[in-house]
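Report on the structure given below.
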Amino acid sequence: GENVEQHPSTLSVQEGDSAVIKCTYSDSASNYFPWYKQELGKRPQLIIDIRSNVGEKKDQRIAVTLNKTAKHFSLHITETQPEDSAVYFCAATSGTYKYIFGTGTRLKVLA
Amino acid sequence: NAGVTQTPKFRVLKTGQSMTLLCAQDMNHEYMYWYRQDPGMGLRLIHYSVGEGTTAKGEVPDGYNVSRLKKQNFLLGLESAAPSQTSVYFCASSKDRVYGYTFGSGTRLTVV
């Protein structure tokens with residue numbers, strides 16, 4: 001069936017370093033790829049998304065890249081700060097009702 | 001603009017009891033969803049709605065029912081709670097299918 005694999009499950013980086021989280025999807029019809037950040041005890045919040053007609057999108061310190069041929073997309077966070085510590089979820093959808101979520105990456109930024 | 005509001009925030013039920021979780025959005029979104037979040041399992045779709053008066057099953061619908069009588073409200077019901085339904089429940093809404101979700105603040109449900 002359709003699935004999204006997310007790696008790594010946990011990631012620790014020093015403050016100021018970069019963090020990269022990768023997701024691989026199985027449904028080649030997927031055309032929308034959002035990323036959500038969930039702080040401890042809070043709701044998931046959309047931080048960036050990308051559509052299949054674009055290869056890269058940036059928003060200040062965060063960026064997402066998409067490789068449709070390889071069916072993977074990645075979240076890049078530069079100059080990490082302690083407030084970036086959270087669980088990050090990727091998702092993919094082909095325009096049906098269903099998002100397929102990854103299982104999440106717990107990012108810890110060490111001061 | 002409140003976004004997506006869920007009530008209650010916490011609840012403890014005994015096995016076999018019933019309850020309804022309420023979700024309300026003020027963004028005029030057509031699509032609404034109920035997810036459950038369990039440790040290590042990410043977010044799993046329970047039921048969803050593509051508009052007022054419509055509902056459909058997601059990945060894990062057993063033991064739950066939903067209703068969407070008004071566009072702004074999406075209700076999730078547990079008819080006979082089981083310990084396996086202990087989870088955090090999130091409601092979400094979206095403007096369109098291929099669009100970002102706005103999540104509610106969640107309901108932490110414990111069934112003992």
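The values are calculated or read from the model by the stated rules, or taken from the named source; none is laboratory data. Only a predicted model underlies this, so the values are computations on that prediction, with no experimental measurement involved. Here Cβ is always computed from backbone atoms with ideal geometry, including for glycine, and neighbour counts include all displayed protein chains.
Tell me whether region B:23-30 contains one or more residues that are away from chain A (no Cβ under 14 Å), touching a strand residue (DSSP E or B) at 6+ places or on another chain (Cβ under 6 Å) and either touching a residue at least 60 places away in the same chain (Cβ under 8 Å) or more than 22 Å from B:Arg97 (Cβ to Cβ) (or both). Walk me through it before giving the result.
Filtering region B:23-30 down to residues away from chain A (no Cβ under 14 Å) leaves B:24, B:26, B:28.
From the residues that got through so far, the ones that are touching a strand residue (DSSP E or B) at 6+ places or on another chain (Cβ under 6 Å) too are B:24.
Next cut, either touching a residue at least 60 places away in the same chain (Cβ under 8 Å) or more than 22 Å from B:Arg97 (Cβ to Cβ) (or both) only: none.
Checked against the condition, which is being away from chain A (no Cβ under 14 Å), touching a strand residue (DSSP E or B) at 6+ places or on another chain (Cβ under 6 Å) and either touching a residue at least 60 places away in the same chain (Cβ under 8 Å) or more than 22 Å from B:Arg97 (Cβ to Cβ) (or both), region B:23-30 yields no hits at all.
Here is a list: A:Thr65, A:Thr24. Which entry is over 14 Å from A:Gly102 (Cβ atoms) and polar (S, T, N, Q)?
Details: A:Thr24 fails: over 14 Å from A:Gly102 (Cβ atoms).
Sole residue among the options that is over 14 Å from A:Gly102 (Cβ atoms) and polar (S, T, N, Q): A:Thr65.
Does any residue in region B:59-83 that is modelled with pLDDT of 95 or more come within less than 6 Å, Cβ to Cβ, of a residue that is outside any strand (DSSP E or B) and among the basic types (Lys, Arg) six or more places away or on a different chain, and which pairs are these?
Partner pairs satisfying both residue conditions: B:Phe74/B:Arg68.
Look through B:Gly42, B:Gly63 and report the one residue that is under 21 Å from B:Leu13 (Cβ atoms) and over 11 Å from the mean Cα position of the chain (by Cα).
Details: B:Gly42 fails: under 21 Å from B:Leu13 (Cβ atoms).
Every option except B:Gly63 fails the conditions.
Among the listed residues B:Glu52, B:Glu59, identify the single one that is facing another protein chain (nearest Cβ under 9 Å) and not hydrophobic (A, V, I, L, M, F, W, C).
Numbers: B:Glu52 fails: facing another protein chain (nearest Cβ under 9 Å).
Only one candidate qualifies: B:Glu59.
For A:Lys98, work out the one condition from (1) charged (D, E, K, R); (2) within 11 Å of the chain's Cα centre (by Cα); (3) within 12 Å of chain B (Cβ to nearest Cβ) it doesn't fulfil.
(2)
Please give the number of the condition B:Val98 fails out of (1) among the hydrophobic types (A, V, I, L, M, F, W, C); (2) within 14 Å of chain A (Cβ to nearest Cβ); (3) under 16 Å from B:Leu43 (Cβ atoms).
In the conditions (1) among the hydrophobic types (A, V, I, L, M, F, W, C); (2) within 14 Å of chain A (Cβ to nearest Cβ); (3) under 16 Å from B:Leu43 (Cβ atoms), B:Val98 misses (3) alone.
Would you check if A:Gln60 is within 8 Å of chain B (Cβ to nearest Cβ) and free of Cβ contacts under 8 Å to residues at least 12 places away in the same chain?
No; evaluated as a whole, the condition is false for this residue.
Give me a count of the residues in region A:48-57 that are part of a strand (DSSP E or B) and either among the charged types (D, E, K, R) or away from every other protein chain (no Cβ under 14 Å) (or both).
From region A:48-57, those part of a strand (DSSP E or B) are A:48-51, A:56-57; that's our starting set.
With either among the charged types (D, E, K, R) or away from every other protein chain (no Cβ under 14 Å) (or both) added as a condition, the list becomes A:49, A:51, A:56-57.
Result for region A:48-57: 4.
What do you reckon, is B:Lys57 within 20 Å of A:Pro44 (Cα to Cα), touching a His at 6+ places or on another chain (Cβ under 8 Å) and of a type in the set (Lys, Arg)?
Values: within 20 Å of A:Pro44 (Cα to Cα): no; touching a His at 6+ places or on another chain (Cβ under 8 Å): yes; of a type in the set (Lys, Arg): yes.
No, not satisfied.
Please count how many residues of region A:53-111 are basic (Lys, Arg) and touching a Phe, Trp or Tyr at 6+ places or on another chain (Cβ under 6 Å).
Quick first cut of region A:53-111, residues basic (Lys, Arg) only: A:57-58, A:61, A:68, A:71, A:98, A:106, A:108.
Keeping just the survivors that are touching a Phe, Trp or Tyr at 6+ places or on another chain (Cβ under 6 Å) gives A:71.
Residues flagged as basic (Lys, Arg) and touching a Phe, Trp or Tyr at 6+ places or on another chain (Cβ under 6 Å) within region A:53-111 amount to 1.
Read through the list (1) of a type outside the set (Lys, Arg); (2) buried (at least 16 other Cβ atoms within 10 Å of the Cβ); (3) over 24 Å from A:Lys42 (Cβ atoms), then give the number of the only condition that B:Gly16 fails.
(2)
What number of residues within region A:59-75 are surrounded by fewer than 16 Cβ atoms within 10 Å (Cβ to Cβ) and farther than 25 Å from B:Ala92 by Cα?
Initially, region A:59-75 is screened for residues surrounded by fewer than 16 Cβ atoms within 10 Å (Cβ to Cβ), giving A:59-61, A:67-70.
With the extra rule that they be farther than 25 Å from B:Ala92 by Cα, the set shrinks to A:60-61, A:67-70.
Summing the residues that are surrounded by fewer than 16 Cβ atoms within 10 Å (Cβ to Cβ) and farther than 25 Å from B:Ala92 by Cα in region A:59-75 gives 6.
Of all residues in region A:14-47 being aromatic (Phe, Trp, Tyr) and more than 9 Å from every other protein chain (Cβ to nearest Cβ), which is surrounded by the most Cβ atoms within 10 Å (Cβ to Cβ)? Show your work before the answer.
First, the residues of region A:14-47 that are aromatic (Phe, Trp, Tyr): A:25, A:32-33, A:35-36.
In the following step, the residues that additionally are more than 9 Å from every other protein chain (Cβ to nearest Cβ) were identified as A:25, A:33, A:35.
Values: A:Tyr25: 24, A:Phe33: 26, A:Trp35: 24.
This residue is A:Phe33.
Taking region B:30-70, which residues are of a type in the set (D, E, K, R), more than 28 Å from A:Ser9 (Cα to Cα) and crowded, with 19+ Cβ neighbours inside 10 Å?
Filtering region B:30-70 down to residues of a type in the set (D, E, K, R) leaves B:30, B:36, B:38, B:44, B:52, B:57, B:59, B:62, B:68, B:70.
Now drop any that are not more than 28 Å from A:Ser9 (Cα to Cα), which leaves B:30, B:52, B:57, B:62, B:68, B:70.
The one that is of a type in the set (D, E, K, R), more than 28 Å from A:Ser9 (Cα to Cα) and crowded, with 19+ Cβ neighbours inside 10 Å: B:Arg68.
Which of (1) without any contact (Cβ under 8 Å) to a residue 24 or more places away in the chain; (2) farther than 20 Å from B:Arg44 by Cβ does A:Glu39 not meet, given it meets every other one?
(1)
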